[in-house]
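Q: What follows is a single structure, and I will ask about it in a moment.
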Amino acid sequence: MLRQLAEAMRSELATLIPDSTAREPVDNLLVRALDQPAGTATEALHDALSSHPATRDWMRRTTGVTKETDAAISPLGAALAPNPLYICPEGDYSVVRETVASDVLLCPNDGSILERA
Ligand SMILES: [Zn+2]
């Protein structure tokens, strides 16, 4: 995956970094990273891919496509709903959960069952 990204980036590098003085070190990093055997290349590839503001921007754009797709296919409610808030009916305790709790939440002060706000 990183190797394919690095190869794709190299083919666009002249456009990404028009200034050849700035481009050369990035290109060198990419070539050296691509030269390494698959098992050890990951860190070098990652360094090369994020070695310049333009390449980091490219990475965001290129890998961002995947994230947008993920968000688009996740259930609408899960993506939009804020973290649920649970409140003690006695009003002395409240807690925010990452997800809707499937278990019963109890107030640590008086043991009341917390109600979802
Ligand atoms: Zn309470």
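Throughout, read-outs are computed from the coordinates displayed, never taken from laboratory work. Only a predicted model underlies this, so the values are computations on that prediction, with no experimental measurement involved. Because the Cβ atoms are built from the backbone with ideal geometry, glycine has one as well, and the counts that use them run over all protein chains shown.
Q: Short version: ³J(HN,Hα) in whole Hz for each residue of segment 41-50, in order, from phi by Karplus 6.51 cos²θ - 1.76 cosθ + 1.60 (θ = phi - 60°), x for Gly and Pro, what are they?
A: 3J(HN,Hα) across segment 41-50, in whole Hz: 7, 3, 5, 5, 5, 5, 4, 5, 5, 10.
Q: Once amide H atoms are built 1.01 Å from N in the peptide plane, which residues 5 or more positions from L114, or in another chain, come under 5 Å H to H?
A: Distant-sequence amide H within range of L114: L105, L106, C107.
Q: Could you give the nm distance between label points at S112 and V31, where each point is 7 Å from its Cα heading toward the beta carbon?
A: Here the answer is 7.1 nm between the modelled labels.
Q: HN-Hα J couplings of segment 51-59 from phi, Karplus 6.51/-1.76/1.60, θ = phi - 60°, integer Hz, Gly and Pro as x?
A: 8, 8, x, 5, 6, 5, 4, 4, 4
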